[in-house]
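Novice: Quick one: this structure, given as structure tokens, is what I'll be asking you about.
The values are calculated or read from the model by the stated rules, or taken from the named source; none is laboratory data. As the structure is a computational prediction, the values presented were derived from the model and not from experiment. Because the Cβ atoms are built from the backbone with ideal geometry, glycine has one as well, and the counts that use them run over all protein chains shown. Calculation scope for accessible area: heavy atoms of the full protein, side chains included, ligands and nucleic acids excluded. Shrake-Rupley method; radii C 1.70, N 1.55, O 1.52, S 1.80 Å.
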Amino acid sequence: MSRQEAVRAFKLLGGGGLPEEAGLRTLFQERRPLPTTAPLNLGNGSAKARRYRILFAGELGETGLANASTALRLEPTGDSRVVGTASANAGGHGFTWELRRIGAGIAWCVDVTARLGSGPITALGALLHHHRQAVREQGPIPVTVERFA
């Protein structure tokens, strides 16, 4: 985006005057600690099960949805709220995931359940990264990866 567009957007969102580039660059170097809390528990699942949501802003068109479904190896569910589900085992862990639409034209998410085994946890990070990139390549912008339980 151009600087003029950024100035207009910043004002529109209540930010006032946009700092000069040098001032902006110093803001990107600031590290602010985020508050930490226990994960939100959404059920009575196993103590070794973890649930993650990768949230995306934006819309997946028909082609993007087909490409994301292929990349995530989704099987249709017949549920209008869930595009598809899949599962895999890696590194001694079991994983299931599903692609969901959140609101009409607002957002999408990939919900991942990880049933942790005794192997190294690196498989979980690789899976979350792959899923984030697979949907991101179709246009939606990744907003957050949240651990629920």
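Novice: Over segment 52-135, consider all pairs of different Cα atoms and compute the Kirkwood hydrodynamic radius from their mean reciprocal separation; express it in Å, one decimal.
Specialist: Final number for the Kirkwood radius of segment 52-135 is 13.1 Å.
Novice: Go through SER2, SER87 and list them by solvent-accessible area, largest first, probe radius 1.4 Å.
Specialist: The ranking, largest first, comes out as SER87, SER2.
Novice: Could I ask something else about it? Please report, largest first and rounded to whole Å, the three semi-axes of the ellipsoid equivalent to the chain, where each semi-axis is the square root of five times an eigenvalue of the C-alpha gyration tensor.
Specialist: 33, 21, 14
Novice: So for the pair ALA49, SER87, with labels modelled 7 Å out along Cα→Cβ, what separation do we get in nm?
Specialist: Going from the ALA49 label point to the SER87 one covers 1.0 nm.
Novice: In addition: So, how do all the Cα-to-Cα distances of segment 93-149 break down into 10 Å bins, in percent, from 0 on up?
Specialist: 20, 53, 23, 4, 0
Novice: Still on this structure, I have one more. Measure off, as a whole percent, the carbon and sulfur share of the 1.4 Å-probe accessible area of the chain, all protein chains present.
Specialist: 55
Novice: 5 Å is the cut-off here: which amide hydrogens, built 1.01 Å from N in the peptide plane, fall below it relative to VAL83, excluding neighbours closer than 5 in sequence?
Specialist: Residues meeting the amide H criterion: LEU99, ARG100, ARG101.
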